[in-house]
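To start, the structure under review is shown below, and the notes come after it.
The values are calculated or read from the model by the stated rules, or taken from the named source; none is laboratory data. This one's a predicted model, so the numbers in the text were calculated from it and none came from an experiment. Virtual Cβ from ideal backbone geometry, glycine too; neighbours counted across all protein chains shown. Only protein heavy atoms, including side chains, enter the accessible area calculation; ligands, DNA and RNA are left aside. Shrake-Rupley method; radii C 1.70, N 1.55, O 1.52, S 1.80 Å.
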Amino acid sequence: MERKKLFAILISLVIALIVTLVIVRASNAKYVQASKTVTAYRAVGLIPARTPVQQNQVEEVQVHPTSLDGLAKDVVGKSLLTKVMPGNLIYQNEISQTPESLKPGWVSVTVPVTLASSGDATAGDMVDVYTAGGNNNQPANRLVGDVEVLGVLDSGGNYVTVGSDSGVADVIKNGANKVPAAATLMVPAEKAQEIVTNAKQPGVHLVRVK
């Protein structure tokens with residue numbers, strides 16, 4: 001009889017031990033899952049839409065995947081469909097699947113500009129494009145209106161980017177050595193030839209509208 005009691009106690013202890021181990025293991029698995037982090041990308045400054053993301057525009061951060069879904073895993077060199085504000089994480093559905101995300105019937109045209117003729121515009125701004133006028137007091141003529149600036153480049157071919165919506169003027173004021181030398185515009189295909197012709201001589205002038 002005593003043996004049966006002892007045996008029952010041993011069985012109970014073994015079962016209790018097994019149950020405890022299962023509970024501890026499940027708790028550890030949940031803790032590991034909850035504490036696991038993944039690499040995400042956060043905007044350091046404003047990242048305009050439709051321009052390749054530069055290395056210095058983002059920083060890597062560790063986040064918990066359980067609360068955030070769809071984070072982008074590769075952003076440098078990719079174009080975004082919308083601008084991303086400073087401090088925001090970048091998600092996969094914000095990344096364009098095409099190099100410049102051109103609208104149907106629109107093309108990309110790069111025209112030379114100066115600090116004055118750039119209209120203080122930067123990527124993501126909407127501008128009107130005017131002829132610069134000639135030497136015979138010819139009036140400026142609007143070639144096309146409300147087109148998007150895809151990018152502004154300096155003389156070295158580097159993108160001129162800013163940390164806010166304030167435009168190129170603040171870049172110069174803050175001491176950055178990136179004076180605009182060219183602007184890439186998304187324009188209607190039927191306007192491309194006229195813009196290219198005027199961009200060479202007498203030149204074009206961008207007027208920022210929003």
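So, taking all protein chains as they sit and a 1.4 Å probe, how much accessible area belongs to VAL22, in Å² rounded to tens?
Surface open to solvent at VAL22 totals about 90 Å².
Within the set LYS78/LYS200; LYS73/LYS210; LYS83/LYS103; LYS78/LYS178; LYS178/LYS210, which residue pairs have Cα atoms separated by over 25 Å?
Details: LYS78/LYS200 30 Å; LYS73/LYS210 31 Å; LYS83/LYS103 16 Å; LYS78/LYS178 22 Å; LYS178/LYS210 22 Å.
Over 25 Å apart, Cα to Cα: LYS78/LYS200; LYS73/LYS210.
What is the sum of charges, Lys and Arg at +1 and Asp and Glu at -1, for the other residues whose Cβ falls under 12 Å from the Cβ of PRO188?
Details: positive: LYS103, LYS191; negative: ASP146, GLU148, GLU190, GLU194.
So the surrounding residues net to -2.
Label ARG25 and VAL38 with points 7 Å out from Cα along Cα→Cβ: what is the distance between them in nm?
Inter-label distance under the simple model: 2.7 nm.
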